[in-house]
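Here is the structure we will look at, set down as structure tokens.
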Number of protein chains: 2
Amino acid sequence: MSSKAIYVGVVGVGGVGSHFLSQLSKLPNAPSLVLVARSSQTLTSPAPSYPAIPPADWQSAFSSSTSSFTKSDAWSPEQIASYLSQVPGRAILVDNTSDPTIASAYPIFTSKGISIVTPNKKAFSSSLKLWEDIFSTAASNNALVYHESTVGAGLPVLSTLRDLVNTGDTVTRIEGVFSGTLSFLFNQFSPPSPSTSGEKKKWSEVVSQAKELGYTEPDPRDDLNGMDVARKLTILARIAGLEVESPDSFPIESLIPAELANLEAGSKGTEEFMRRLPDFDGKMEELQKDAESAGQVVRYVGSIDVPGKKVKVGLQNFDKDSAMAGLKGSDNIISFYTERYGELPLIVQGGGAGGAVTAMGVMSDLIKVLERLS
Amino acid sequence: MSSKAIYVGVVGVGGVGSHFLSQLSKLPNAPSLVLVARSSQTLTSPAPSYPAIPPADWQSAFSSSTSSFTKSDAWSPEQIASYLSQVPGRAILVDNTSDPTIASAYPIFTSKGISIVTPNKKAFSSSLKLWEDIFSTAASNNALVYHESTVGAGLPVLSTLRDLVNTGDTVTRIEGVFSGTLSFLFNQFSPPSPSTSGEKKKWSEVVSQAKELGYTEPDPRDDLNGMDVARKLTILARIAGLEVESPDSFPIESLIPAELANLEAGSKGTEEFMRRLPDFDGKMEELQKDAESAGQVVRYVGSIDVPGKKVKVGLQNFDKDSAMAGLKGSDNIISFYTERYGELPLIVQGGGAGGAVTAMGVMSDLIKVLERLS
């Protein structure tokens, strides 16, 4: 616990990144911010003194022409890693993007002893080889890799799973609603008790409404295809000890009707998708009615059967008095069934999306990395 | 992250302690166990080589007459601190007791740079001065103090609250069922839907049954007086930033009827208490019926209004479709309402008592301390 200088580079200044920089500006004893990268430009603090970029004021540092910082075009991950590896102390990369290019370059950072904190799922849910490269180079170069916000944003999901595994508990099953969007859609479409008006919502209406409220991605197909959930499940399964090759190596039930699977990408395809979605309301209503007649509700869940080595993403029915059915708003819920906890799972529940809570997960990871490095 | 030798002393080998030692025996790269103390005896590893006591085998080390370890009578906290301060590396005290004597001696350990990991609530829920002494001596002597298991056993409760506070979120309210015993009693006594037999349980019957199942303390009054919950609330409130003087400085609703409050301590008093408890079934039934007629259930909860600086422990009614009402078995549930999370709280739920999960909380704290010290 000797005191070493610690330097941080932040890539990405979008929804999560801007919240993160605002939180960083209020952190007591914050490490020195020496790099801020956005898609078009990179701002760095010059050697050898490396003055800190003010986290609350990075925008004016970018725009001012007399800034004491260096403005460059967009840097490659290699350039960023090379810069961070030269600071006179320990370096941490905070990647607040969802960019696969920088994700696939993580081993370049960790092999130089640069620690990584990130909500970017790509690095941990792509090939198993990338996962192994990241963690093995990190271990042999004293770099730390924390990525709590890749599942459930700021909710303590990965830290809880790692605690269970590290203390020697046997995790038997992980099950939950891992998408705020799909949580919202099914909490509306298949509520445990009828709405006060008694009116039933059609599936396509619920999707349209969520899209208008900004609860879906600009293209709702990016939520409905289940890939985001599959990526989260891949990460959880790997921490639980399963060697999942990629998110494509287990069944994912897509909510995009087969007839609409081949519409073009982009806004024209999105428009056509939304226009034709009502044609499939009958099929969704059937699923909802089947559940209801059994006293159940429909939810879109991910589950991992650890001893059976099975990962699954799709629709499932749950009793109306279950925690899954009681979910509200766009909350996530994650249940860990383990040997020590027995029949009733350890449950973590709450908002699992949004800039502020995602940035909070990144920030609490950063604090833990700072505690371990200093 | 240089590699320093780390030595651990364990006090207490009861329900939690024995589970902890068993988990320690399976921990990869475990630190050296050099002291095991039980109420009557202390086993230590001799200087200068400090051979490790095998954690799985401490009992035979105690009983063998040819052991390579030193057996002594029970040591005072001062003796234990003095021994641990002399090891050639960093030392950690793991206190698996609920003993107030060692708890009040924690500042002696922390002032010698000895880190502490413990499920012992006493140190953190007694006078505010003791709390401040522990953390200020720890900070100035590079000692770490982790006590996750003092609230909710192995559930990630304190770590979550510290993450919220440390990242700058504003916690507005904390509310929950913090006692496995009281959870069990009220889940039985005031279920959200009537039992299949339609039969209603009397309060005194539920208490008797819980006592027989070992779900209460040997003297159920130790659960029903609310003190255990009040201690947990004191800890949470202090982490949330409130200067709570002691668990006596806020209202605690005791479930011991006033007429039985002055029965003697010990088994004779317990017997008389259990015998006379049915006289008060009518009053409890009234509470339950009042709740039911409003579509609610009764729960024994603790709550903290952070901006209002109010801590409260007692009975409260909740809607039948709330997470509080849906609680099962002897689960704990803790809801954190914060500015960032908005209307819907971050919820942690699951078993909050028992040797194995309490020891797991201690072990995950130990792992974190090891990560930070090494």
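The values are calculated or read from the model by the stated rules, or taken from the named source; none is laboratory data. This is a predicted model, so every value here is computed, not measured. Heads up, the Cβs are rebuilt from the backbone with ideal geometry, glycines too, and the neighbour counts pull from every protein chain shown. What goes into the accessible areas is simple: the full protein's heavy atoms, side chains included, and nothing from ligands, DNA or RNA. Shrake-Rupley method; radii C 1.70, N 1.55, O 1.52, S 1.80 Å.
Contact with the other protein chains removes 40 Å² or more of accessible area, compared with the isolated chain and a 1.4 Å probe, from these residues of the range B:157-171: B:D163, B:N166, B:T167. Shown here for the range B:1-70: trypsin sites (Lys or Arg not before Pro) in loop regions (DSSP other than H, G, I, E, B) with at most 12 other Cβ atoms within 10 Å, namely B:K4, B:K26. The relative contact order of chain A, computed from alpha carbon pairs under 8 Å that lie at least 6 residues apart in sequence, is 21 percent.
Helix B:203-212 and the long axis of chain B differ in direction by around 30°, with both axes built from C-alpha atoms. Considering only B:G350, B:G154, B:G241, the Gaussian network model of chain B with Cα springs below 10 Å gives its largest mean-square fluctuation to B:G241. Ascending distances from the A:K26 label point to its copies in the other chains, with the point 7 Å along the Cα-to-beta-carbon line: 4.2 nm.
With runs of 4+ DSSP H residues as the only contributors, calculate the mean residue ellipticity of chain B at 222 nm using -39,500 (n - 2.57) per run, divided by the residue total and rounded to the nearest 500.
Estimated from H runs of four or more residues: -11000 deg cm²/dmol.
Derived scalar couplings between HN and Hα for the range A:234-251 equal 4, 5, 4, 4, 5, 5, 6, x, 8, 8, 7, 5, 5, x, 8, 8, 8, x Hz in order, rounded to whole Hz, by the Karplus curve 6.51 cos²θ - 1.76 cosθ + 1.60 (θ = phi - 60°), x for Gly and Pro. Most simply put, the range B:157-351 has about 95% antiparallel DSSP beta bridges, counting only bridges with both residues inside it. Could you tell me which of rounded, prolate or oblate describes chain B, using a ≥ b ≥ c as the square roots of the eigenvalues of the alpha-carbon gyration tensor, with rounded for a/c under 1.5 and, failing that, prolate when a/b is larger than b/c and oblate otherwise? Prolate shape, in that a/c is at least 1.5 and a/b is the bigger ratio.
Give the accessible surface of the range A:169-224 per residue, rounded to a whole number of Å², with probe radius 1.4 Å and ligands, DNA and RNA excluded.
On the way: 2530 Å² over 56 residues.
Computed with neighbouring chains in place, this is 45 Å² per residue.
Give, as a single signed number, the net charge of other residues whose beta carbon lies under 14 Å from the beta carbon of B:I53, with Lys and Arg counted +1 and Asp and Glu -1. So the environment of B:I53 carries a net charge of +1.
When the solvent-accessible area of the protein assembly as shown is split by element, carbon and sulfur atoms take up 49 percent of it, the probe being 1.4 Å.
Over the range A:184-259, Cα pairs under 8 Å with separation of 6+ residues give a relative contact order of 24 percent.
Within straight-line reach of A:K129, meaning a Cα separation under 23 Å, sit the following lysines at least 8 residues removed in sequence or on another chain: A:K112, A:K121, A:K232, A:K309, A:K310, A:K312. Comment: the Cα-to-Cβ extended label point of A:S85, at 7 Å, lies 4.6 nm from its counterparts in the other copies, nearest first. With springs only between Cα atoms under 10 Å, which of A:V145, A:V165, A:V313 fluctuates most in a Gaussian network model of chain A? Among A:V145, A:V165, A:V313, the largest GNM mean-square fluctuation belongs to A:V165. Among B:A265, B:A210, B:A143, which one shows the highest mean-square fluctuation when chain B is modelled as a Gaussian network with alpha-carbon springs under 10 Å? Evaluated over chain B, the most mobile residue of the options is B:A265. In this assembly of identical copies, the label point of A:S293 (Cα plus 7 Å along Cα-to-Cβ) is separated from its counterparts by 4.0 nm, sorted shortest first. The distance linking the range A:313-374 with the range A:2-26 is 24 Å (Cα centroid to Cα centroid, whole angstrom). Dipole check for chain B: with +1 at the C-beta of Lys and Arg, -1 at the C-beta of Asp and Glu, and the Cα centre as origin, the magnitude is about 980 Debye. Semi-axis lengths, largest first, of the ellipsoid equivalent to the range B:157-351 are 30, 20, 14 Å, with √(5λ) applied to each eigenvalue of the Cα gyration tensor. Entry note, the range A:157-351: relative contact order of 36 percent, from Cα contacts under 8 Å with a spacing of 6+ residues.
The alpha carbon centroids of the range A:256-272 and the range B:133-163 are separated by 52 Å. Taken across both chains, chains B and A shield about 3400 Å² of accessible surface from a 1.4 Å probe.
So what's the convex hull volume per residue for the Cα atoms of the protein assembly as shown, in Å³?
Each residue corresponds to 177 Å³ of Cα convex hull volume.
Residues of the range B:335-362 that bury at least 30 Å² of accessible area once all protein chains are present, compared with their chain alone (1.4 Å probe, heavy atoms only, ligands and nucleic acids left out), are B:R340, B:Y341, B:L344, B:L346, B:I347, B:Q349, B:V357, B:M360.
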